[in-house]
Structure formats: C-alpha cells, structure tokens
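Each reported figure results from applying straightforward, stated rules to the coordinates on display, with no laboratory input. The model shown is predicted, which means the values in this text are computed figures rather than measured ones. Here Cβ is always computed from backbone atoms with ideal geometry, including for glycine, and neighbour counts include all displayed protein chains.
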Amino acid sequence: MNEFVPTPEQQRLIDEAQRAREEALRNPQPPRGRPLRDSQYAIGLTADYELQPGGGRPAPPPDPDTPPRPSLDVRLDRAAGALIGAACGDALGVPYEFQPRLAADQTPVMRGGGLGPYAPGEYSDDTQMQAVIARVAASGLELDGEPAQRAIAEGFIGWLAGGASDVGAQTRQVLSTARAGGGDPLAAVRAASRAVHEQTGRSAGNGSLMRTGVVGLAFLNGDDAYYRCRDAALAISGLTHFDPLAGDACVLWSEGVRQAVLHSTPGLWRFGGVRNAVAFLPIERRQQWSEWLDEAEAKEPYEFQPNGFVVPALQAAWSAIYHTRIPERPEDHFRLALEAAVRAGDDTDTVAAIAGVLLGAAWGRAAIPEEWQRVVHGWPGLDAEGLAELAARIIA
Ligand SMILES: [Mg+2]
C-alpha cells in the first residue's frame, strides 16, 4: 500500500464519483428492494447500491447455490486457499515493492526485505489487516453488522499500535486520528475516514481492496448472501477508504472470492464472479467498471502502474489472472498467475495479495506450492496452518 498521486484522468474519475455521491446524498432516492440500515446511510457509501436490472455488460448474477455445490471438503480447501493465497502473494511481493519491476524471465522469491524489513516468507500490512477481519469473522460476528464492524475498527486501531510493520499513509492517518479521538471505535474510524477524504479529496488508494477477499468467505450460505457480502465489503472498505471507487472494487473482489469458492465450474470460469458482481454496483458506474475490466483483459499487468490507486491495482491483479494461460497441470495457474502479479511492479505485495486471495479461492490450498506454505507467516503469529484454521472457523 502506498500513497497514490492520481493522474489527471484518475483525478477526473475520482471527482466524478465524488460529485455523483454528493448528488445522491442531497437527493436520497427511496431505497429499492431490501431496505438499507441507517448506519449505511451514515457512512454515505451505500445509498445508491441497490441492485437494479439491466445496465452494463455483465449477465445477471448466477445463483451460486445451484447444484452442484462443491462438497464441504472442497469449500474448506478453497477458503483456506484464499487466506493462504493472499498471504503468499503478499510475502512474494514484499521484496520487490517499489523496486524496478521483474522481467518476464525473472522468478520472484520469498526472500524477505522490503519495507519491513521482513523475514523470508513474512507477509506485510495487507495480510495483517485481512487477519484482523478474519479473526472477527471467525468469532461468529456477522460482518455486515455493526458489532463486527466495531470489532474490526478496534482491531485495526490495535494493529496500528501493536502489529503494523508498515502501513499506508492514508490508513495511518485515519487510524491514528480515530485513536486520538477516542470514544466508540466504529464511530471514530468512520468519522476519521470521512474527514481524511474531505481534507484530501481522494481516498481511493488500494488499501481496502488488499484486505477485502476474506469478506467473501463469510457469506457462503443463504439466499441473500450476495447482498450481505456486498454490504459488508462496502462497510469494511469505508472504515479507512471513504471513496466509493474503493468500495466498488471491494464489492467486485469479495463477490469474486465468494463465487470462486461456491462454483463447480472448471478453470478460469471460476473467476467469473468478479464480472458478475459488476451488476451489484451503482448503475452509473457499471459501464465504467466493465470497461476497466475489459482494459485489464487487453493489457499486460505491468501496464497498470503506478498501482497505488485502487483501479489499476485491481486491473493489474485481474490482468495477471486473465493473461496467465492454464498450464498442463491446471492448478499451476495459481503459482504462475501470482508470479505474474508480482511482475506487474510498483506496489507488488498489494497487487499480488489481491490476486492471491482470488487465485487461492478458485484453486484451493492444494494448489499452493508446498515450499511457500512452509515459510509463509506473519502478525499476529499465523502460519499457513493458522490461516487455514481461521478460514475453517469462518465458513463453519
Ligand atoms: Mg504491504
């Protein structure tokens, strides 16, 4: 995670999204479908997020609970794969963060160093923050509810004080402001997130997307699971990243993870949830996100840098997944695509953590190289086995 300085084109998109949100807040539409909770209006992110038919390119979301639903063993393997996959991407990218990017024939190695500096196999802030969310989800609290979000806010503040080995500028500003303010941690974090956005006019860094995949694991059951996953992704993104574009990205990726775990479709089709989730976004931004995904499928990962802004970070990860051909042993796609994500350059650990959570959800823990699983570890004292146990408790 780093502080991004938007290009003029990026700034234009951010300004546009901001204007659309201000307009929505000035003229709130009566909610359609499932009513939104007051808290969601309070953080200003979801007033325009009701599902509407039509618009954009994606097909209507398939019902991931349509048989054949994968067995519990498969779901457990994929959920563990998601958390371990994110941690492996993070640890694999750590040595190369903000370094000259690797060439196509160079293979990244989990040799540590980077901004920590980190031990070989040690993951960074991306997975540390994801672990905070994972522990709350594993405790049984529902991530779309305020008690869970309060526990996450408290967990983030505690992490900044006691666990953070490196932290992005925006996240540091939000969490340290919230900690200084005291009081209810959820209210304090939300207020600080909004204040930072209003001061700087930009809060769409990649720092909420990098930790969001775990949200998808928490909503594998129930007819309204995709609504709830979306609501939770938005609320948890908004704790530090008030900008709606950061929230959009978290909706796409969390739903992508959720559907990857639930689908029985083979190979690359298992990644289709990201495209499907475009239909869950506010209608005025669906076309834009479809075009951003098209662009990612048309360009190489390294063409999306700098990638501190959430949009190129998502595009770099999507491009790495999309452009890595399914090899003879299909599960090797996990490793090859993750290496491609590191080769995107710039914020390598974050782009690879984003790619890793989705790749792991799609291919499962069994696809993750043993040599990576043996060494991957980090705050708060988790290794691959610890991450797998957390994942099992989340989906139990
Ligand atoms: Mg990091």
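Points worth noting:
- Residues with amide H under 5 Å from that of TYR118, placed H, sequence gap 5 or more: GLY113
- With θ taken as phi - 60° and the Karplus curve 6.51 cos²θ - 1.76 cosθ + 1.60 applied, the whole-hertz 3J(HN,Hα) list for region 145-156 is x, 5, x, 5, 5, 5, 5, 5, 4, 5, x, 5 Hz, x standing for glycine and proline.
- Each Cα pair of region 62-395 feeds into the Kirkwood radius, which the Stokes-Einstein equation turns, at 20 °C and 1.002 mPa s, into a diffusion coefficient of 113 µm²/s.
- Residue (of LEU115, VAL136, ALA82) at the positive-pole extreme of region 62-395, dipole from beta-carbon charges: VAL136
- Put simply, when 241-249, 156-164 are sorted by average Cβ atoms within 10 angstrom per residue, most first, you get 241-249, 156-164.
- The GluC sites (Glu not before Pro) of region 105-200 meeting both criteria, a DSSP state outside H, G, I, E and B (loop) and at most 16 other C-beta atoms within 10 angstrom of the site's C-beta, are GLU142.
- Summed side-chain charge close to GLN373 - residues other than GLN373 whose Cβ falls under 10 Å, Lys, Arg +1, Asp, Glu -1: -2
- Rg/Rh for region 231-336 (Cα atoms only, Rh after Kirkwood) is 0.97.
- Each Cα pair under 8 Å and six or more residues apart adds its sequence gap; the mean of these over the residue count of region 236-335 is a relative contact order of 21 percent.
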